[in-house]
Amino acid sequence: MMKKGNLYYPAEEAKKKAWVKDKKIYSDALKDPVKFWEKLAKELFWFSPWKKGFEHKPPHFKWFLGGKTNITSNIFENNLAGWEKIKQKTALIWVPEPNNEKTRKVTYDALFKEVQKCANYLKKLGVKKGDRVGIYLPIIPEIVVAMLALARIGAVHCVVFSAFSPDALRIRLQDTGAKVLITADNYYRKGKIIDLEAQAREGVKQTKVKKVILIKRGRNNPWQKEKDFCPPRSMDSEDLQFILYTSGSTGKPKGCMHVCGGYLVQAYWTGKWIFDFHPQDIFWCTSDPGWITGHTYAIYSPLLNGIATLIYEGALDWPEPNKWAKIIDKHKVTIFYTAPTAIRMFKRYGGDVLSDNKFNYLRILGSVGEPIDESSWIWYFEKVGRKKCPILDTWWQTETGGILISSLPGLGPFRPAFTGLPFPGIKVGILDEKGLPALREGNLVILAPFAPGLLRGIYKDEERYMKTYWSQYPKGTYFTSDAALWGKDGLVRILGRVDDVIKVAGHRLATGELEEAVNSHPDITECAVIGIPDEIKGELPFVFAIYSGKRVKEEIEKEIIDLVRKKIGPIASPQKVFLVGDLPKTRSGKIMRRILKDIWLGKKLGDLSTLANPGSVNKLEDAIGNFKKSL
Ligand code: WTA
């Protein structure tokens, strides 16, 4: 990499290899983004072509209207890389957590057969096109098989992160109306065996699920005896490909709807150009498939590109702090994609743990999920990338289906803490409250024609779709809920969410979701949850709950923590519960969460006279002050 001022540029060698070398691509694409995407889409496999590239009837829009395709045909028999060429190549490398268990490598051909067997099995159970099917699986090869099998027959997968609690699973299953759930008996996490089956059995209560398909980890799959041929279902571009739930401003998660045509096109091309996938690459995206990053970049994008994708069952630092680094070396990973929270954790362990690691094969590094600070960026660049690998800081969301902002590896430029340039053909804006271009920082928006992979709706909640994304600005401007600014060089810097979404170790949670869980405690009627900055995890949830009863406080605090774990999962565990007599409120009764955060951060509080109960503030300052002293 070459450094000029604050900016880094790719070395000549990397440039030569890269798919995109000429920056004219940006101006060309923006001249007519629809034409640009149509040209890219044409390279993929379609049963029949579309009649119209793009249609916009705000807030709704469609891409590739009338086109017919199937994403699994594009992964297998009609892969752009040539089926005969990739058939015997490794598609999937599964690394189990226990060191004494063997890695499993699955070729494209073997994976295809498994997918078709599983598809036939699902068909026999009566699963049809458009049916929603729940998947509650850990990181085992079967999660890939199950997702692709459902896509093969046109059913809609609804993956629920395996570390979510039974209650969280239930809410999602109820919303989708799924009749079938695919789950597993157990999996390993930090040396412990997690009984997923028990959680699943609990989670399907009070849902429409009639059939639970149980996969036994490491043993024969239920579909073993099925035929290994199943033709692909021809899907309309705008048919549902999958639903994935994500946290929004309120308690209830939103089911983001992604469709077959647009998602396929974006998943393929963003992977190819951003990660510069070449036939020999071994790509490791550390995200769990239960999140969007896992959907698109652990599974769909690398497989569409005909390369090997590595998935690892366990924690990145277990059983040894450099487990992740050992996996990179052992499996000759060429492209590594992870989250800043992981990078900060690696950094905390110190460079020493890396002295045994060579990283000889690495050529590209990626980051996703939250802003990466300058010092972690530099550590990642120097210690892992050995100053050779570009750092692709990729901005996107569950809603966008694929990456929308990231500089390209053959062009750059890269700048610590800046995510980069919008992908070719993507028009973004940074607007002030009035909708005018912001002078410095503002809200990040996406302008028409958006992106082929952008969500088409929130499942069964049109009103919320309208309200969340399309009502802040004049019709037809997609509101991302992120604040951002432009650098002088045209690079975008993401500043963080402007709503009540927090990122805890890269996991997207809504403070409203936690508040709902806390308020379900019989002795609590009012609370506020805020995200407090944390050096490793980015943010940690802190609970402030009003309690004036007589029970021992420690007991109630523990009950609250247990409730959050039960309703959402251990990832949402509050770091601390403050039981307080009162919370600062406006005269109309709204809790001022901002004040809580400012007290924590030691900021000047300004004018408190508009509060209904300014007296509440002093007591909070004391409680927070005492707690901080005890740390
Ligand atoms: C944040 C994850 C800064 C952002 C793919 C966004 C980022 C939210 C970045 C979506 C990045 C994602 N830099 N912030 N490179 N990537 N974000 O739905 O706030 O889990 O709105 O999707 O993560 O989180 P989600």
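Here are some notes:
- Cα-projected label distance for ASN626 with GLN88, points at 7 Å along beta-carbon direction, nm: 7.2
- Length released on extending from SER573 to GLN280, taking residue separation times 0.36 nm less the Cα-Cα span: 101.4 nm
- Principal-axis analysis of the Cα atoms of the chain puts helix 33-42 at an angle of about 50° to the longest axis.
- Placing unit charges on the Cβ atoms only, positive for Lys and Arg and negative for Asp and Glu, gives the stretch 2-419 a dipole magnitude near 620 debye about its Cα centre.
- Calculated from the alpha-carbon coordinates, the chain shows an Rg and a Dmax of 24.1, 74 Å respectively.
- Long-range amide H partners of TYR312 with built H, under 5 Å: VAL95
- Note on the stretch 496-520 and the stretch 5-38: Cα centroid distance 36 Å, given to the nearest whole angstrom.
- Normalised per residue, the accessible area of the stretch 148-204 is 29 Å², obtained with a 1.4 Å probe and no contribution from ligands, DNA or RNA.
- One decimal place: the segment ARG551-THR525 gains 7.8 nm when fully extended, by the rule 0.36 nm per residue minus the C-alpha distance.
- The Cα-based radius of gyration and maximum Cα-Cα distance (Dmax) for the stretch 88-152 are 13.2, 41 Å.
- The simple Förster model, with R0 at 22 Å and r as the Cβ-Cβ distance, assigns ARG386 and LYS15 a FRET efficiency of 0.75.
- Remark: relative contact order (the chain) = 13 percent; criterion is Cα-Cα distance under 8 angstrom and separation of 6 or more residues.
- Placing +1 on the Cβ of every Lys and Arg and -1 on the Cβ of every Asp and Glu, with no other charges, gives the stretch 161-302 a dipole of roughly 680 debye about its Cα centre.
- Where the Cα pairs of the stretch 151-301 fall when distances are cut into 10 Å bins, in %: 9, 32, 38, 19, 2
- For the stretch 464-543, the antiparallel share of DSSP beta bridges with both residues in that region comes to about 100%.
- The share of accessible area on the chain that comes from carbon and sulfur is 52 percent, using a 1.4 angstrom probe.
- A dipole drawn for the stretch 2-419 from +1 and -1 charges on Cβ atoms has a positive end, and of VAL384, TYR187, TRP37 the residue lying farthest that way is TRP37.
- Under 5 Å from the amide H of ALA510 lie the amide H atoms of ILE502, each residue being 5 or more positions distant or on a separate chain, with H modelled from the backbone and absent for Pro and chain starts.
- Local electrostatic count, ASP329, Cβ distance below 10 Å [Lys/Arg +1, Asp/Glu -1]: +3
- Rounded to the nearest 5, the antiparallel percentage of DSSP beta bridges internal to the stretch 57-200 is 55%.
- Rounded tilt (10° steps) of 340-349 against the dominant C-alpha axis of the chain: 80
- Within the chain, percent of DSSP bridges classed antiparallel, to nearest 5: 65
- Lysines whose Cα lies under 19 Å from that of LYS42, excluding same-chain neighbours fewer than 8 positions away: LYS31, LYS51, LYS52, LYS62, LYS68, LYS272
- Surface per residue (accessible, 1.4 Å probe) for the stretch 296-336, Å²: 20
- The residues of the stretch 468-553 expose, per residue, 40 Å² of accessible area to a 1.4 Å probe.
- Comparing GLY126, ILE343, PRO522 along the charge dipole axis of the chain, the residue lying farthest to the positive side is GLY126, per the Cβ-charge model.
- Taking all protein chains together and rolling a 1.4 Å probe, VAL368 ends up with roughly 20 Å² accessible.
- Under 10 Å, Cβ to Cβ, from THR72 - net charge with Lys/Arg +1 and Asp/Glu -1: +1
- Taking a ≥ b ≥ c as the square roots of the eigenvalues of the Cα gyration tensor, the stretch 90-236 is classed as oblate, since a/c reaches at least 1.5 and a/b does not exceed b/c.
- Under-5 Å amide H pairs with ARG189, H placed in peptide plane, nonlocal only: ILE194
- ASP228-LYS52 pseudo-label distance in nm [points 7 Å out on the Cα-to-Cβ vector]: 4.4
- Listed pairs LYS503/LYS550; LYS85/LYS105; LYS467/LYS590; LYS179/LYS460; LYS190/LYS628; LYS347/LYS604 exceeding 25 Å between Cα atoms: LYS503/LYS550; LYS190/LYS628; LYS347/LYS604
- Rg then Dmax, both in Å and based on the Cα atoms of the stretch 1-131: 21.0, 62.
- Value of Rg/Rh across the stretch 505-630 [Cα atoms, Kirkwood radius]: 0.94
- From phi via Karplus (6.51, -1.76, 1.60), per-residue ³J(HN,Hα) for the stretch 77-85 in Hz, x at Gly/Pro: 4, 10, 4, 4, 6, x, 4, 4, 6
- In Hz, Karplus ³J(HN,Hα) per residue of the stretch 292-298 (6.51, -1.76, 1.60; θ = phi - 60°; x = Gly, Pro): 5, 4, x, 4, 7, 9, 8
- Applying the Karplus relation 6.51 cos²θ - 1.76 cosθ + 1.60 with θ = phi - 60° to the stretch 149-161 yields 3J(HN,Hα) values of 5, 5, 5, 4, 9, x, 8, 9, 7, 10, 7, 10, 3 Hz, where x marks Gly and Pro.
The values are calculated or read from the model by the stated rules, or taken from the named source; none is laboratory data. Values in this document were obtained by computation on a predicted structure and should not be read as measured data. With ideal geometry, Cβ positions are generated from the backbone for all residues, glycine too; neighbour counts draw on all protein chains shown. Please note that ligands, DNA and RNA were not included when accessible areas were found on the heavy atoms of the full protein model with its side chains. Shrake-Rupley method; radii C 1.70, N 1.55, O 1.52, S 1.80 Å.
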